[in-house]
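Accompanying notes for the structure given below.
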Amino acid sequence: MSTTPTLSARFVVLEQELERLRQHLLPSQEELDPTGSYDDVVYTKTLAYRVLAHAEFESYVEDRVRDLYLAAISAWVENNVMTKIVACMLAFSSTEIDDVPTTKVPVQANQKQKWNRKIKLVGRISKCANSYRHIIETNHGIKEENLLKLLLPIGIEADEIDDIWLAAMNSFGEERGSVAHSSGSNYRTKTLPDPKTEMDKINNVLEGLKVIDTLLDQLIP
């Protein structure tokens, strides 16, 4: 008998925050209008819901991968445990075996610290970890490009990520950008958002993230 995977504590927080946004910003089920006709304030709140939900998704992914990579680095530093996460970060740092020093001793005495980062495994792992941390800290979005940069280097396989869901993430990211980077006078000239449709899109994103959450849990050192 198959069992439903346990969701991470961070995912539970995500669900709670999305539900709070829904209650604060969208009409109740009884108030939904099948014709999509609402007062202007409802459209404004619906667009706010889109932008804030996007922020919650982005924060969730960044928090999850940050916690995992930090745990993996700690396992390596403290117990010399080489996890899949560390191995994948090393693999994505280069596609070839190159830049191997030809001598153990640095040519110049003042290059000892730099040389240790080149010649010792702990130094190369530290360099990869710093590079990956920079990716997290400078991430802005949840489109395919963003997600692959965050997920692949710590061990999620590309084939494990649903293509249809990735396409939906790209569309959602575009729609969020059209609001976050535009004046209200611009997006009001386009199709106004329907609260029910917006809620369905958010739920679709959330369902896809459940799969990602389970995959991330499998990487825990």
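All but one of (1) closer than 28 Å to GLU145 by Cβ; (2) loosely packed, with under 10 Cβ neighbours inside 10 Å hold for VAL12, so report the exception by its number.
Here VAL12 clears every test but (2).
Before we move on, is THR44 in a loop (DSSP other than H, G, I, E, B), on the phi < 0 side of the Ramachandran plot and polar (S, T, N, Q)? Please lay out each step first, then the result.
On the way: in a loop (DSSP other than H, G, I, E, B): no; on the phi < 0 side of the Ramachandran plot: yes; polar (S, T, N, Q): yes.
So THR44 does not fit the description; no.
Looking at the stretch 132-151 only, could you name the residues that are over 11 Å from the mean Cα position of the chain (by Cα) and closer than 13 Å to CYS88 by Cα?
TYR132
For the stretch 53-70, name all the residues that are within 21 Å of ASN204 (Cβ to Cβ) and aliphatic (A, V, I, L, M).
Matches in the stretch 53-70: ALA53, ALA55, VAL61.
Coordinate-derived values only; no laboratory data. In this text the structure is predicted, and so the values were computed from the model without any measurement. Cβ coordinates were reconstructed from backbone atoms using ideal geometry, including for glycine residues, and neighbour counts include every protein chain displayed.
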